[in-house]
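A short write-up of the structure that comes next.
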Amino acid sequence: MTSISRQFTTLLRTEVLLFLREPTALFFSLAFPLILLLFVGSIGATDEVDDGIRFIDTYMASMVAVTAANVGIMGLSIHVAENRARGALKRYRLSPMSPGIFFGAQFATALVTVIVSLIGLIVVTLALYGLSIDANWPLFLATALLSLYVAVSWGLFLGGLRLPLRSVQVISAAVFFLMFFSSGAALPRESFPEWLQAIVAWNPLAVANDLLMSSYAAYGVVEIARIAALVISTLIVNAITSVTFDWEGRNS
């Protein structure tokens with residue numbers, strides 16, 4: 001095993017253990033989506049929202065995007081800010097470990113979490129309602145990976161801001177709930193005024209929701225322009241993060 005592989009494996013193991021010691025993170029990442037699926041998803045679960053497409057099929061898909069946003073935008077941003085406040089990021093920066101290993105370990109930890117959550121969502125849906133017969137599983141899993149990449153990118157950006165921990169907590173929660181309530185996962189976007197629908201359609205979580213529902217339940221078609229905007233905006237967030245990420249924590 002190379003030095004880079006050892007550093008990555010060691011850091012990944014540490015990050016996973018730290019995550020398992022956070023009951024709040026465990027609840028919102030693993031239990032919260034299942035609770036929403038069981039209670040909200042059960043209301044009219046087998047009602048058809050379109051020809052042959054059940055409500056539960058669209059809702060299960062949207063819970064995957066919500067899980068990714070929970071893990072990345074809220075969980076990861078706060079985790080990064082807490083590490084900076086404790087001086088851990090400064091120690092990482094002064095060590096021989098490259099920033100790429102640190103960022104890669106954060107994504108891998110989030111990926112493990114989302115995989116566990118996705119398995120839980122699939123098992124519960126299969127047991128209670130059956131899975132969607134229209135699911136394109138390779139495309140669905142690829143879309144879930146893209147959703148996680150977007151969420152982790154935002155989480156690293158918010159967590160890396162040169163702000164005190166409390167400020168990061170407030171801002172990340174505000175960003176998450178703004179994206180969540182305007183994405184269609186909480187309220188149907190069709191209930192919004194037309195001018196608001198046109199704006200929130202470009203919400204990253206809304207695009208992720210629509211992509212997941214399309215690939216899992218064959219519900220709707222997502223315009224290429226929205227997909228391109230999602231990818232390009234995320235790459236811009238990555239570029240900004242590479243410049244603004246605060247390792248020192250002077251304001252923490």
In deg cm²/dmol, rounded to the nearest 500, the helical mean residue ellipticity at 222 nm of the chain, built from -39500 (n - 2.57) for every DSSP H run of length 4 or more, is -22500 deg cm²/dmol
Could you tell me which helices of the chain pass both thresholds, a Cα extent of 18 Å or more along their own axis and a mean Kyte-Doolittle hydropathy of at least 0.5, with helices taken as whole DSSP H runs?
-> 3-20, 55-69, 99-128, 137-159, 165-183, 204-217, 224-244
Loop-resident sites, segment 138-234, for GluC sites (Glu not before Pro), counting at most 15 other Cβ within 10 Å (DSSP) = 223
Taking trypsin sites (Lys or Arg not before Pro) as exposed when DSSP calls them loop (any state but H, G, I, E, B) and at most 11 other Cβ atoms lie within 10 Å, what is the longest stretch of the chain free of them, the sites themselves excluded?
-> 22-249
Alpha-carbon radius of gyration plus Dmax, which is the widest Cα pair, for segment 88-172 in Å | 17.2, 52
Using the Cα atoms of segment 1-94 to build a convex hull, what is its mean projected area in square nanometres?
-> 8.6 nm²
Run the quick spin-label model on residue 128 and residue 191: label points 7 Å from Cα toward the beta carbon, then report their separation in nm to one decimal.
-> 1.9 nm
So how far, in whole Å, is the C-alpha centre of segment 175-206 from the one of segment 217-248?
-> 17 Å
Calculate the all-directions average of the projected area of segment 128-181's alpha-carbon convex hull, and give it in nm².
-> 5.5 nm²
Principal axis dimensions, largest first and in whole angstrom, of the chain by Cα | 58, 40, 30
How long are the three semi-axes of the equivalent ellipsoid of segment 88-129, in whole Å, if each is the root of 5 times an eigenvalue of the C-alpha gyration tensor, listed from largest down?
-> 36, 7, 4
Could you work out the equivalent-ellipsoid semi-axes for segment 156-252, taking the square root of 5 times each eigenvalue of the Cα gyration tensor, largest first, in whole Å?
-> 30, 16, 11
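No value in this document is a laboratory result; all are computed from the given coordinates. Predicted, not measured: the structure shown is a model, and the values here were computed from it. When we count neighbours, we look across all protein chains shown, and the Cβ atoms used for this are built from the backbone with ideal geometry, even at glycine.
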